[in-house]
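Trainee: Can you read through this structure? Questions will come right after.
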Amino acid sequence: MKLSFFVFLIHLFIHGQCDSDIHIPYRVTLAVPAEYSTSFIGRAFLMETNQMVPSFKAALSVEALNQKYSCSLDVFLGDVKVWSSGHFSRFYTSEKCVLELTQDGDLQLKGQKERLGWRTGTSGQGVERLHLLSMGNLVLVDARNLIIWQSFNFPTDVMLWGQRLDVATRLTSFPINSSSFYSFEIQHNKIALYLNSGKSKYSYWEFKPSKNRNITFVALASKGLELFNDKHKKIAQILPQGLEPLQFLAVSNKTGNMELYYYSPSKGKFESSFKALNSTCDLPLACKPYGICTLSNVCSCIRFVTRDKLDSDCSEGNPGGFCGKNQVDLLELQGVSSVLRSDPNKVNVSKEECASLCMDDCKCVAALYSSGKDDTDLQKCFLYDMVRGVKQVNKGTGLSYMVKVPKGAGGGHGKSSGIKKWVLIVVVVVDGLILFLVLGGIGYYVIWKRRKNSVDNDNN
C-alpha cells in the first residue's frame, strides 16, 4: 500500500520541554520511499520555539516533486513554510535524506552514499550549536553566542516580523511549471514587484517614498512595512488595513502578488491584511500567453483570421517564426494595454517608429506606445518578448498596444484587421453576457417577489 502522506516528529526534550537548540555533533536521517508517490511528504520536526501559537519549528523534509524526492531543511511558522534550504536549488536524493551538524561546525544535507547536497560552509569557524530564534531566524552560533551563519541572510519568498532587508536584496517566488519567476526588490528609490523571464525583467507594481528620498533598508514591524534611510530614519510606510499585528510578508508563487499577513486566533489561520494588487487584471500572469483580461476580470484569448479560418493564439508559449516583415504583421489592439513595464526602449518617437522598432527586432512580439498623456510629455516605446499582462482599458489613456501576428492575419499596422474585430467581439460578448446574467437575475427576483406578494394577498 502506497503512503500518500507521512509525517513524524522527532522531539528533543530538556526537562520535559521541546528545545530550540541542537549541539555538535548531530545527525538525523529520514528514509526516502523506494517508489514514487505524488503527494508524499516526510517531515521530522527537530526544534520549536517556546512561544504562544503559532510557534516556529525547524524540520528536515522529504517531498515528492517532479517525479523525484527533494531533501531540505525548512522553517515553519505554524503550518506556513517561511524558509527553506531548497528554495533556489533543490537537492534530489534517493534512499535517505540526512541532516548533519559536523564536529567542526558545518551544517550539511546528504543523500545516498554520503552525497553532499547543501551546506552552510562554516567548518572551522567555532560553531557550537544550531539555534532557532523566537523571530524565526535559524542561526549557527559559537561559544560566545555570536552568529556565524543565519537564514535571514538568505531570504526566500517570505519576510518575517523583525526581519530587515537591505537595498539590492530581494524576495523571489517561483510559479509551478514556469520558466519565469517573481521578485520583490528593494532599490534606492523604490520597492517593486518584477516578473523575470530569461534576460527580460518587467515591473508590475512599485512604491516610492515622497520627495525622492533614498531607501537604505526596509523592516517589517507589527504595524506595517517600514522604509528607512541611511540615518535609520523612517521615511515611508505601507500600512495594513486592520489593527492586528503583522506576522510576515509573502510573495505568492501563484499570482505574484505581495501580501502582509496576520494571525487570526478565532479562525486558527493566517489572513491577508494588505495586498499590493487588488484587481485580477493587474496581476502579471492573470491570463495565459496571448490572453486579455477584460474589464469584467475574466480572460479572453486573442483571436485572428488567417487563410479564411479563425485561429486562437492563447497558448503556453510564443509562436515561432516571428521575424522579418515578409512573415509577420504588427497590429494594434484598441482599448488594450499591459501591466508590465521596463525602461523604455526609446523616447520621443512616433507610434509608427515604435512599430518599426518591434518589426525589426526578432525577439520583439509586442510593443506598447505611450503618447505622453498620463504623467509625462515624453512619447515612450516599450518592446516585449512575451504577450503577458495584457488587459482591457478605457479609451483615451494615450496607450497603444501592438502585437505581432502571422502575415495575412490583418493586413498590416494601422489597418482594419480581423484581430481587432475579434478582440472587440469577444470583449463585448463576455461583458454583455455577464451584464445580461446580472440584470436577468435581478428581474427574475423582482417578478418572483411580486407574484409571491400577490399570492399572499389572495390567501389573506
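The values are calculated or read from the model by the stated rules, or taken from the named source; none is laboratory data. Quantities reported herein were computed from a predicted structural model and do not represent experimental measurements. Note that we place each Cβ from the backbone using ideal geometry, even for glycine, and neighbour counts take in every protein chain shown.
Trainee: Being small (Gly, Ala, Ser) and free of Cβ contacts under 8 Å to residues at least 24 places away in the same chain is the filter here; which residues of the range 161-177 pass it?
Mentor: 168
Trainee: Does the range 206-231 hold any residues that are surrounded by 15 or more Cβ atoms within 10 Å (Cβ to Cβ) and farther than 17 Å from residue 167 by Cα, and which are they?
Mentor: Once the filter is applied, which keeps residues that are surrounded by 15 or more Cβ atoms within 10 Å (Cβ to Cβ) and farther than 17 Å from residue 167 by Cα, the range 206-231 yields only 224.
Trainee: What's the number of the condition residue 237 fails, among (1) part of a loop (DSSP other than H, G, I, E, B); (2) surrounded by fewer than 18 Cβ atoms within 10 Å (Cβ to Cβ); (3) in contact (Cβ under 8 Å) with a residue 12 or more places away in the chain; (4) among the polar types (S, T, N, Q)?
Mentor: Here residue 237 clears every test but (1).
Trainee: Just to verify a result, which residue in the range 270-305, among those that are free of Cβ contacts under 8 Å to residues at least 24 places away in the same chain and under 30 Å from residue 226 (Cα atoms), is surrounded by the fewest Cβ atoms within 10 Å (Cβ to Cβ)?
Mentor: 278
Trainee: From 220, 195, which residue is hydrophobic (A, V, I, L, M, F, W, C), assigned to a strand (DSSP E or B) and over 17 Å from residue 237 (Cβ atoms)?
Mentor: 195
Trainee: Considering the range 240-269 alone, what residues qualify as being hydroxyl-bearing (Ser, Thr, Tyr) and surrounded by fewer than 17 Cβ atoms within 10 Å (Cβ to Cβ)?
Mentor: Selection gives 252, 264, 266.
Trainee: Just the residues that are free of Cβ contacts under 8 Å to residues at least 24 places away in the same chain and crowded, with 18+ Cβ neighbours inside 10 Å, please, taken from the range 183-205.
Mentor: Hits for the range 183-205 are 185, 192, 194.
Trainee: Further question on the same structure: May I ask you to list pairs of residues, at least six apart or on different chains, whose Cβ atoms are under 6 Å apart, with the first in the range 14-42 being modelled with pLDDT of 95 or more and the second being acidic (Asp, Glu) and surrounded by fewer than 16 Cβ atoms within 10 Å (Cβ to Cβ)?
Mentor: The qualifying pairs are 32/95.
Trainee: May I ask you to list the residues in the range 154-192 that are part of a strand (DSSP E or B) and either in the same structural domain as residue 132 (by TED's automatic domain parsing) or more than 10 Å from the chain's Cα centre (by Cα) (or both)?
Mentor: Of everything in the range 154-192, those that are part of a strand (DSSP E or B) and either in the same structural domain as residue 132 (by TED's automatic domain parsing) or more than 10 Å from the chain's Cα centre (by Cα) (or both) turn out to be 158, 159, 160, 164, 165, 166, 170, 185, 186, 191, 192.
Trainee: Separate question: Among the listed residues 86, 105, 126, 111, identify the single one that is in contact with an Asp or Glu (Cβ under 9 Å, 6 or more places away or on another chain), exposed (fewer than 15 other Cβ atoms within 10 Å of the Cβ), modelled with pLDDT of 95 or more and not assigned by TED's automatic domain parsing to the domain that holds residue 269.
Mentor: 126
Trainee: Yes or no: residue 91 within 24 Å of residue 270 (Cβ to Cβ) and surrounded by fewer than 21 Cβ atoms within 10 Å (Cβ to Cβ)?
Mentor: Answer is no for this residue.
Trainee: Follow-up. Can you tell me which residue within the range 137-154, out of those that are touching a residue at least 24 places away in the same chain (Cβ under 8 Å) and crowded, with 18+ Cβ neighbours inside 10 Å, is nearest to residue 222 (Cα to Cα)?
Mentor: 137
Trainee: While we're on this one: Consider residue 180 against the criteria (1) farther than 30 Å from residue 31 by Cα; (2) modelled with pLDDT of 95 or more; (3) surrounded by fewer than 20 Cβ atoms within 10 Å (Cβ to Cβ): it satisfies all of them except one. Which criterion is unmet?
Mentor: Against the list (1) farther than 30 Å from residue 31 by Cα; (2) modelled with pLDDT of 95 or more; (3) surrounded by fewer than 20 Cβ atoms within 10 Å (Cβ to Cβ), residue 180 comes up short only on (2).
Results for (1) among the aliphatic types (A, V, I, L, M); (2) modelled with pLDDT of 95 or more; (3) under 27 Å from residue 180 (Cβ atoms), shown as yes or no for each residue.
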position: 197; (1), (2), (3): no, no, yes
position: 205; (1), (2), (3): no, yes, yes
position: 215; (1), (2), (3): yes, yes, yes
position: 220; (1), (2), (3): yes, yes, yes
position: 235; (1), (2), (3): yes, yes, no
position: 245; (1), (2), (3): no, yes, no
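Trainee: Moving on. If a residue has to be β-branched (Val, Ile, Thr) and more than 12 Å from residue 117 (Cα to Cα) to count, how many in the range 78-96 make the cut?
Mentor: Result for the range 78-96: 2.
Trainee: Mind checking whether some residue in the range 208-222 is within 23 Å of the chain's Cα centre (by Cα) and closer than 30 Å to residue 386 by Cα?
Mentor: yes
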